[in-house]
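The values are calculated or read from the model by the stated rules, or taken from the named source; none is laboratory data. Keep in mind it's a predicted model, so treat the numbers as computed, not measured. Cβ coordinates were reconstructed from backbone atoms using ideal geometry, including for glycine residues, and neighbour counts include every protein chain displayed. Note: areas computed on protein heavy atoms with side chains; ligands, DNA, RNA excluded. Shrake-Rupley method; radii C 1.70, N 1.55, O 1.52, S 1.80 Å.
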Amino acid sequence: MDFTTSTERRKTRQIMVGNVPVGGAAPITVQSMTITKTADVEGTLQQIYALAAAGADIVRCTCNELEAAEGLAQIVPRSPVPIVADIHHQYKMALAALEAGVQCLRLNPGNIRNPTQIKLVAQECKDRGVPIRIGVNGGSLDKSLYEKYGDKVTPEAMVESAQMELAYFAEIGFDDVKISVKASNVPLMIEAYRQLSETVDFPLHLGVTEAGPPPAGLVKATAGIATLLAEGIGDTIRYSLTADPVEEARAGRQLLEAMGLRERKNVDLIACPSCGRAEVDVIAVAKAAMEAFGDRLIPLQVAVMGCVVNGPGEARDADIGIAAGRKKGHLFIKGRNVAVVPEDEMVETLVRYAERIMEEGVEAVLAGEDLDKAKKAADADRAALLGEQGADANDAGTRVELIRKAVDGA
Ligand code: SF4
């Protein structure tokens with residue numbers, strides 16, 4: 001199935017963050033941020049590698065002090081992805097990060113307000129071909145704008161903040177820019193990006209700032225980012241979670257994959273929600289399977305189903321799956337029963353066959369198996385379970401009868 005959830009993507013100009021294109025027709029990218037001290041070169045590099053493995057295309061590091069800038073000089077040449085330096089209040093840190101060789105700067109217009117300093121940094125970026133992200137943040141909006149809009153953070157105020165920064169850049173002819181207008185309030189953030197996308201054609205970096213810990217943080221970030229992506233707005237995304245940043249990178253990647261906006265590189269695990277028919281703890285098996293596949297480069301849809309009565313049928317579109325039946329796991333590939341294994345080997349069997357599909361291809365794997373025997377075993381377990389549990393394992397039919405009787409008798 002070849003659907004994507006996005007309407008036509010809004011046309012933006014393209015910039016390059018190191019070797020990664022952002023905007024235009026470039027694939028939407030995932031960003032994350034390290035939480036180590038940037039001066040800790042080895043620790044930061046380790047985290048950058050973990051983020052890249054989980055799906056980050058670009059990683060941001062803080063550059064808040066001299067030691068951080070010096071760390072960046074060692075990190076940038078060894079990083080597997082381009083590095084963005086986050087500059088806080090000191091424009092000199094921006095200049096230091098440029099000397100360290102970073103591929104992009106992130107400036108918050110609410111933090112560096114001196115026009116001369118802003119233009120100096122932009123001129124340096126222009127001379128070096130390094131882009132800047134104008135990172136407007138609802139929580140640190142310029143005080144004058146806050147007051148202008150009635151002591152409130154409004155979408156209009158956030159867009160105006162970005163435009164003020166753009167105007168300084170325009171004075172020196174610098175337009176190598178992407179923009180974010182993040183807020184922790186989801187409707188505010190959505191409206192700010194909508195207005196911004198009507199106003200400029202620069203690539204947009206989407207995010208809900210300070211979304212908080214998962215799962216609520218994941219829900220908030222997804223609500224904001226996915227809504228905009230579905231409207232065709234957004235060129236690069238970041239989940240700001242109070243969690244291991246690997247979770248941020250993974251969430252970003254998984255969102256793009258789920259929306260059909262990024263080629264899948266890792267497992268798409270589907271699992272039934274379980275019910276009275278389940279022959280196994282579906283939640284535990286699905287969790288174990290997710291952990292076993294992790295971020296491995298196995299772009300298959302993998303199904304974990306609680307029973308062999310309905311599982312293989314309901315997950316017939318999956319590349320590979322396993323369904324429980326009377327202390328056994330029934331492995332199926334493309335809807336065809338392939339093997340029967342003890343229940344406690346369900347997960348390792350899934351992984352083993354998934355690896356084989358990747359190495360040999362589906363047809364070769366199917367050719368080497370006794371499909372008739374596997375089907376007979378699955379049919380026998382299915383028939384036995386139907387015999388034991390009937391067609392209505394949750395006994396809903398009996399309850400409906402009782403409800404009817406109660407109502408009729410009233
Ligand atoms: S019927 Fe079987 S596959 Fe469907 S939810 Fe229940 S246990 Fe899972």
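For the stretch 1-101, chymotrypsin sites (Phe, Trp or Tyr not before Pro) are listed when DSSP marks them as loop and at most 10 other Cβ atoms sit within 10 Å of their Cβ; the list is 3.
For the stretch 252-347, what does the relative contact order come out to in percent, with C-alpha contacts under 8 Å and a separation of six or more?
Computed over the stretch 252-347, the figure is 22 percent.
Each residue, residue 113 and residue 401, gets one label point 7 Å from its Cα in the Cβ direction; the gap between the two is 7.6 nm. The angle separating the long axis of helix 371-389 from the principal Cα axis of greatest extent in the chain is about 80 degrees.
In percent, rounded to a whole number, the relative contact order of the stretch 288-397 is 23, using alpha-carbon pairs under 8 Å and six or more apart.
Within straight-line reach of residue 143, meaning a Cα separation under 12 Å, sit the following aspartates and glutamates at least 8 residues removed in sequence or on another chain: 151. Other residues within the sphere of radius under 15 Å centred on the Cβ of residue 193, judged by their own Cβ, net out at +1 (K and R +1, D and E -1). Rolled with a 1.4 Å probe across the full set of protein chains, the surface gives residue 369 an accessible area near 50 Å². Within the straight-line cut-off of under 30 Å between alpha carbons, the lysines reachable from residue 327 are 287, 373, 375, 376, sequence neighbours fewer than 8 places apart in one chain being disregarded. Against the main long axis of the alpha-carbon atoms of the chain, helix 245-258 sits at an angle near 70°.
Note down the net charge around residue 343, summing +1 for each Lys or Arg and -1 for each Asp or Glu among other residues with Cβ under 12 Å from its Cβ.
Details: positive: 326, 327, 328; negative: 279, 281, 344, 345, 348, 381.
The answer is -3.
Centre-to-centre separation between the Cα atoms of the stretch 190-254 and those of the stretch 1-65: 12 Å. Once the Cα atoms are used to define both axes, helix 115-128 deviates from the longest principal axis of the chain by about 70 degrees. Within the straight-line cut-off of under 17 Å between alpha carbons, the aspartates and glutamates reachable from residue 265 are 2, 57, 247, 248, 257, 291, 295, 319, 355, 359, sequence neighbours fewer than 8 places apart in one chain being disregarded.
Calculate the FRET efficiency for residue 99 and residue 171 from the Cβ-Cβ distance with a Förster distance of 35 Å, rounded to the nearest 0.05. Mind dumping the intermediate values first?
On the way: r = 24 Å, r/R0 = 0.68.
With a Förster radius of 35 Å, E is 0.90.
Report relative contact order for the chain in percent, whole number only (criteria: Cα-Cα under 8 Å, sequence separation at least 6).
Numbers: 808 pairs, mean separation 51.5, N = 410.
Relative contact order for the chain comes out at 13 percent.
With the simple spin-label model, which puts each label point 7 Å out from Cα in the Cβ direction, the residue 383 to residue 25 separation comes to 5.7 nm. Note that the stretch 63-157, at 25 °C in a medium of 0.890 mPa s, gets a Stokes-Einstein diffusion coefficient of 174 µm²/s from its Kirkwood radius over C-alpha pairs.
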